[in-house]
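Read through the structure below, which is laid out as structure tokens, and then see the notes.
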């Protein structure tokens, strides 16, 4: 990778796995578990080696290639038992609360604005009617 002068480059790493490894690293540090710290350091270095630098929203590492390779590495070099649960939690760490009525209404308004600017005629009218019906259903559900 080469950084071009005057441009901010980003390093693309898979966030869920990286967050899990960082959490495991912090737990290993608190516990004084050198073996676990070494393991997490190897994962961070591997993430860095697999990453690509970019200066846009483009994600440069193919999902399937990463997932297959990462799974193979975990088989060959499994995490120590003391941090295995942190590494295995996967997408659970990124789960969010479901959106509330206000967030859903904002999303519908965003869709409405998009369709106003990109569609016309009968299709636009049908889409807007459906979005309005969805908004009313959300308000009704919130009221109950």
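Can you give the FRET efficiency to the nearest 0.05 for residue 116 and residue 53, using r as the Cβ-Cβ distance and R₀ = 22 Å? Can you show the working numbers first?
Numbers: r = 38 Å, r/R0 = 1.73.
That pair, residue 116 with residue 53, gives E of 0.05.
Taking other C-beta atoms within 10 Å as the exposure proxy, 46, 39 rank 46, 39 from fewest upward.
Which FRET efficiency value, to the nearest 0.05, do you get for residue 100 and residue 126 by plugging their Cβ-Cβ distance into 1/(1 + (r/R0)^6) with R0 = 41 Å? Don't skip to the answer; put the middle values down first.
On the way: r = 27 Å, r/R0 = 0.66.
Efficiency computed from Cβ-Cβ geometry: 0.90.
Residues 26, 17 in ascending order of nearby Cβ atoms (within 10 Å, fewest first): 26, 17. With the simple model of a label 7 Å out from the Cα in the direction of the Cβ, residue 84 to residue 41 spans 2.4 nm.
Bear in mind that the values in this text are calculations on the coordinates, not laboratory data. None of the values given here were measured: they were computed from a predicted structure. Note: ideal-geometry Cβ built from the backbone for every residue, glycine included; neighbour counts use all protein chains shown.
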